[in-house]
Amino acid sequence: MDLDKVIDEFLNEIKGINDSESLAKIKAKYIGSKGIIKDLLKKISEVEPSQRKEFGSKVNQLKEKIEEEIKKKQNEIESLEIETKLKSEWVDITLTRLYDTVPAKHPVNTVKEELCNIFLEMGFSVVEGPEIELESYNFDRLNIPPNHPARDDHDSFYLDVKGMVDRYLLRTQTSPVQIRTMEKFKPPVAVVAPGRCFRRDTVDARHSHTFHQIEGLYVDKDVKFSDLKGIMLLFAQKMFGPKTKIRLRTDYFPFTEPSAELAVTCPGCGGSGCNVCSFSGWLEIAGCGMVHPQVFKNAGYDPNEVKGFAFGMGIERIAMVKYNITDIRLFYENDIRFLKMLSG
Ligand SMILES: [Zn+2]
């Protein structure tokens, strides 16, 4: 078996290649699972036993040489492709006034400010928490222990910090700010906490790996479910118009008990039914409920002394409902026409 012949043929073949598809073919032909190198290794049994070791090492050297050449070629092709792409996307940055470029606020920020202002008017304060959060704050202290099925809905981005007992992650919700607020302030508290959240969701019209939530927490000596209902109604009418009605339906969240899903009458049809609301007249916009006693305990509050409610909603979701946007991806593509449309 002439190994030199193999390498000569290979070098000859790879010389003329300048696209990734042909390179992949050569790669498969020589070092693939059914490639020439594999065949050579199979034939080792036909070699004189005394020469097997040498033959084996020669084949391996050959394989390394081929891999090296393929890698080199791959880099060449990649830089060629980048160059072609850059040429095709070339723009003259010295040109001016392609658009009417008045700076505008991003729609997510516009809606976030609108939400905060509504709650500020009601006497809530705005607080913030870290985007890189401890697992214990994001889950355990919110009454979501390890192996709790609710963790499955929050496929998380973990950060690998060596030697840490409590792991860091990109927060999957703004709810940990509830715990941080109660640790910092004595009751009564009335806060909203807007911010970015992250989940390992595949991006589609309704999902994004990065999104925004606003969390609310109200704690005092004597807080009832009817207080939650009143605040939610007032909020909905300020956000979506004075004729808006709300609907609360039983739901489940580990950190509230009882829990409810909040829906508002569809701003598109006023509740009579249209294709935006799938002819139901209602659009779900938030989760809410009375703070679970265990969550109070975990944050250092005495559940016998205080009661409270909490709510959480997606800022993009609120914007989508309010402005009849059907694709969440529009918020992140920064198409100037979309940004201008909602810049307020
Ligand atoms: Zn409707």
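Bear in mind these aren't lab numbers, they're just calculated from the coordinates by the rules spelled out. Bear in mind the structure is a predicted one, so any value in this text is a computation, not a measurement. A quick note on method: Cβ atoms are made from the backbone with ideal geometry, for glycine too, and the neighbour counts reach across all protein chains shown.
When the residues of the stretch 177-194 are filtered to those that are surrounded by fewer than 20 Cβ atoms within 10 Å (Cβ to Cβ) and in contact with an Asp or Glu (Cβ under 7 Å, 6 or more places away or on another chain), which remaining residue is farthest from F119 (Cα to Cα)?
Here the answer is P187.
Has the stretch 298-312 got at least one residue that is under 20 Å from the mean Cα position of the chain (by Cα), hydrophobic (A, V, I, L, M, F, W, C) and surrounded by 19 or more Cβ atoms within 10 Å (Cβ to Cβ)? Working first, answer last.
Of the stretch 298-312, the ones under 20 Å from the mean Cα position of the chain (by Cα) are 312.
If we keep only those that are hydrophobic (A, V, I, L, M, F, W, C) as well, we get none.
No, every residue in the stretch 298-312 fails to be under 20 Å from the mean Cα position of the chain (by Cα), hydrophobic (A, V, I, L, M, F, W, C) and surrounded by 19 or more Cβ atoms within 10 Å (Cβ to Cβ).
Give me the pairs: first residue in the stretch 30-57 and closer than 15 Å to V6 by Cα, second residue outside any loop (DSSP other than H, G, I, E, B) and acidic (D, E), beta-carbon distance under 8 Å, and six or more apart or on different chains, which are they?
Correct list of pairs: I31/E67.
Spot the failing condition for G216; the list is (1) touching a helix residue (DSSP H, G or I) at 6+ places or on another chain (Cβ under 9 Å); (2) on the phi > 0 side of the Ramachandran plot, and only one is missed.
(2)
Any idea which of (1) more than 16 Å from the ligand (Cβ to nearest atom); (2) without any contact (Cβ under 8 Å) to a residue 60 or more places away in the chain; (3) within 12 Å of L115 (Cβ to Cβ); (4) not charged (D, E, K, R) is the one I285 doesn't satisfy?
For I285, the exception is condition (1).
Got at least one residue in the stretch 234-255 being closer than 30 Å to K184 by Cβ, more than 11 Å from the ligand (Cβ to nearest atom), in contact with a Gly (Cβ under 7 Å, 6 or more places away or on another chain) and hydroxyl-bearing (S, T, Y)?
Checked the stretch 234-255: no residue is closer than 30 Å to K184 by Cβ, more than 11 Å from the ligand (Cβ to nearest atom), in contact with a Gly (Cβ under 7 Å, 6 or more places away or on another chain) and hydroxyl-bearing (S, T, Y).
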